[in-house]
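The values are calculated or read from the model by the stated rules, or taken from the named source; none is laboratory data. Here the structure is a predicted model, which means the values were calculated and not measured. Neighbour counts run over all protein chains shown; Cβ positions are idealised from the backbone, glycine included.
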Amino acid sequence: MHISEGILPGWLLATGWGLTIAGTAAGLKKIDDREIPLVALLSSVFFVASLIHIPVGITSVHLLTNGLAGMLLGWAAFPAMLVALFLQAVLFQFGGLTVLGVNTFNMAFPGVIAYYLTRKITLKHPSLAGIIGAAVGVFGGALLLSSELWLSGSSFKTTAKLAFLAHIPVAVTEAVIYAFIFNFLKRVLPEVLEVKDG
């Protein structure tokens, strides 16, 4: 779900960078020293999961894990996603540096929303929280991506629709994975699921 260089107008690129800088600053303020390994781990999970692309028509899809990162990190999902996407852009030319702000916002912001929607139920109802988090993360990111492509001109409107629809199986897959992960964490490491300050 990377937007490539040369597609978006300048005002969208600038907006994406502004929102990402603000989100990253908020995330860095909220990271506790003890959370740094978890932030690094989830950044790595996102990095690896989104390298495996499955072609769907004229686009491709991959696992996002942005909802997972957001649910466990809150605002710290912004710096986690920024680092992972920066490394993907530099090492594999996925996305690019000018669109890094937009791509980071597209992944991190739905994760933060998933955090606020699920943080009070994750420990009590891990499966339900996983389903909600996956849906918000995947469809939130797909909606942002599709909206940005739609705003970029008529030549991208078909791609915008397909990009959103192609992520329905991703959301279902991630819902199953998240439900398993949160049930496992509830049994072995419940403190990770405890509500943190927003």
| message | Can you say whether SER50 is buried (at least 16 other Cβ atoms within 10 Å of the Cβ), of a type outside the set (Phe, Trp, Tyr) and at pLDDT 95 or above, as far as the supplied structure shows? | response | no
| query | What about LEU64, is it buried (at least 24 other Cβ atoms within 10 Å of the Cβ) and closer than 19 Å to LEU165 by Cα? | reply | yes
| query | If we scan the range 73-84, do we find a residue that is modelled with pLDDT of 95 or more, on the phi > 0 side of the Ramachandran plot, crowded, with 17+ Cβ neighbours inside 10 Å and not in a loop (DSSP other than H, G, I, E, B)? | reply | yes
| field | Some residue of the range 59-78 being out of contact with any helix residue (DSSP H, G or I) (no Cβ under 8 Å at 6 or more places or on another chain), farther than 20 Å from VAL192 by Cβ and not polar (S, T, N, Q) | value | no
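Here is a check on your reading of the model: is TRP17 free of Cβ contacts under 8 Å to residues at least 24 places away in the same chain and either surrounded by 16 or more Cβ atoms within 10 Å (Cβ to Cβ) or part of a helix (DSSP H, G or I) (or both)?
The answer is no for TRP17.
Considering only the range 93-170, give the helices (runs of 4 or more DSSP H) lying wholly within it that have at least 1 residues that are buried (at least 22 other Cβ atoms within 10 Å of the Cβ) and touching a Gly at 6+ places or on another chain (Cβ under 6 Å).
On the way: elements: 100-118, 126-151, 157-165.
Passing ranges, in order: 100-118, 126-151.
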| note | In the set ALA89, ALA166, ALA129, the lone residue that is under 17 Å from the mean Cα position of the chain (by Cα), of a type in the set (Gly, Ala, Ser), at negative phi and at pLDDT 95 or above is ALA129
| message | When you scan the range 48-57, do you find a residue that is over 18 Å from LEU143 (Cβ atoms), in contact (Cβ under 8 Å) with a residue 12 or more places away in the chain and not in a loop (DSSP other than H, G, I, E, B), even just one? | response | yes
| What do you reckon, is ILE121 modelled with pLDDT of 95 or more and closer than 17 Å to HIS167 by Cβ? | no
| Filtered residue count, the range 117-148, keeping only those that are touching a residue at least 60 places away in the same chain (Cβ under 8 Å) and over 22 Å from PHE78 (Cα atoms) | 2
